[in-house]
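For reference, the structure discussed in these notes is given below.
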Amino acid sequence: MIRLIAPSVTVCLALAGCAGSYAAPEPARPAPGTCDAGAVQSYVGQKANGETGAAILAGSKARALRWGPPNSAWTMDYREDRVNVRYDAGMTITAITCG
């Protein structure tokens, strides 16, 4: 039994020595074209049209814009490079999200 413990202790001590030299990886940076809906929340309440759509697309830094008309169904696919703009029957923007 003692013969089995000695090699195990040696391996554990060797691994413990490596643990102190581990450096945590840097956090991943967002890829170019990643949507930032927080930057364009000021457009909620404004009229949905081509001009506001272009401004939302540019301000969110997304690559694609998806309009969400009232009472419409959306696919659940998530794209980090897309900004979603929902609007009501009066063409007023009600929500801006990414995905």
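Given R₀ = 22 Å, FRET efficiency for Ala64-Gln41 by Cβ-Cβ distance, to 0.05?
That pair, Ala64 with Gln41, gives E of 0.75.
Could you put Cys35, Cys98 in order, starting from the residue whose Cβ has the fewest other Cβ atoms within 10 Å?
Ascending number of Cβ neighbours within 10 Å: Cys98, Cys35.
Which of the peptides 41-47, 66-72 is most tightly packed, and how do the rest follow, judged by the mean count of other Cβ atoms within 10 Å per residue?
41-47, 66-72
Restricting to bridges with both residues inside region 37-98, how much of the DSSP beta-bridge set is antiparallel, in percent to the nearest 5?
55 percent
Counting only residues 5 or more places away or on other chains, whose amide H sits under 5 Å from the amide H of Ala62 once H atoms are built in the peptide plane?
Answer set, sorted by chain and number: Asp36.
Computed from the coordinates by the stated procedures, all read-outs in this text should not be read as laboratory data. Model, not experiment: these values are computed from the prediction. Cβ sites come from the backbone with ideal geometry, for glycine too, and all protein chains shown count toward neighbours.
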